Amino acid sequence: MNKHTYILLILICVFSLEIKAQSERKITRKGNSDYESGNFVDAELSYKKALAENNNLIEAEFNLGDALVKQERYDEAITSFEKVVKDS
C-alpha cells in the first residue's frame, strides 16, 4: 500500500473514535435531561448505555449513582460512587 492509503486509514480510525465519543456524550446528556425531569429510571438506563459504550466515563458513572440514590437503591449507588473515586 502506498503512503496515501495509510494516511487515509489513519484518518478513518481517528474520525470513527471521535464519532463514538460524541455518541457517548449525547447519551449522557439525554440521561441528564431525564434526571432533571425527574425521570430517574430512564436517566439510569441512559447512563448505563453510555457506560456500555465507554466504561471510563466518570460523569456518566457519577450521574448513575445520583439516579440510583433518587430511586433509593443505595447499595448500587455506593458501587457507582466507589468506581468514580477509584477512577478519578
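Details
- Every residue from region 47-65 that is more than 8 Å from the chain's Cα centre (by Cα) and open to solvent by less than 50 Å² (accessible area, probe 1.4 Å): 63, 64, 65
- Contacts under 6 angstrom Cβ, first residue in region 61-88 being of a type in the set (Ser, Thr, Tyr), partner assigned to a helix (DSSP H, G or I) and at pLDDT 95 or above, 6 or more apart: 80/61; 80/64; 80/65
The values are calculated or read from the model by the stated rules, or taken from the named source; none is laboratory data. Keep in mind the model is a prediction, meaning the values are calculated, not measured. Here the Cβ is made from the backbone with ideal geometry for all residues, glycine too, and neighbour counts use every protein chain on show. Side chains are part of the model used for accessible areas, which takes the heavy atoms of the whole protein and leaves out ligands, DNA and RNA. Shrake-Rupley method; radii C 1.70, N 1.55, O 1.52, S 1.80 Å.
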